[in-house]
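Please read the structure below before turning to the comments.
The values are calculated or read from the model by the stated rules, or taken from the named source; none is laboratory data. Predicted model only: the values in this text are computed from it and were never measured. We place every Cβ from the backbone using ideal geometry, glycine too, and count neighbours over all the protein chains shown. These area figures cover heavy atoms from the full protein model, side chains too; ligands, DNA and RNA do not enter into them. Shrake-Rupley method; radii C 1.70, N 1.55, O 1.52, S 1.80 Å.
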Amino acid sequence: MAGLEGTEQPRRGVGTAEARWAPAVDDELALKALERYGDPTVREIRMPSCPESTVAVRRLTQAVIVCHWGLSERLAEHAVLLVSELVGNAVRHTGARHFGLRLARRRGWIRAEVRDPSRGLPCLVPVGELDISGRGLFLVDRLADRWGVDLLARGKTTWFEMRFTDR
């Protein structure tokens, strides 16, 4: 995916990428998503475009940030919210059968990317206090340090980046 300069590469080790780490045993949904779709930190994973995928993506993102990368719960909470907003947009507005998810980390930054086959650009619209929809990109714009859309030959990747303090 575009813009991942300086992205940390997975460590070379014994076994497959999926065997290197696992979510906590009590997070069965994240573990099932990891086993079924793969590790989004190693390569883009392809998921069915349905509301149930949003739940799996949320759990998987939480597990990657907290268990795999050892970062804070607060960062994970914000990232999970934003990833679910991007996935929700891909599921609701593109009519696609699948979407792609990739999570990356480099020094001081995490990045989430959601790829779908639509070339329709997401639109940041003003949001009122009582509005119950249309808040997705508003939240991304408020909580992410950077975000954008990369048009591809077939579709687009909507991404955000969040800064964190290295421990």
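Observations, loosely collected:
- Filtered by the rule that a residue be touching a Phe, Trp or Tyr at 6+ places or on another chain (Cβ under 9 Å) and under 15 Å from E161 (Cα atoms), region 33-63 gives a lone residue, T41.
- Spans of strands (runs of 3 or more DSSP E) in region 53-167 with at least 2 residues open to solvent by 70 Å² or more (accessible area, probe 1.4 Å): 146-152
- Out of V25, V57, V42, one residue alone is modelled with pLDDT of 80 or more, β-branched (V, I, T) and farther than 28 Å from G95 by Cβ. It is V42.
- Here L31 meets each of (1) part of a helix (DSSP H, G or I); (2) at pLDDT below 95; (3) crowded, with 19+ Cβ neighbours inside 10 Å with one exception, condition (3).
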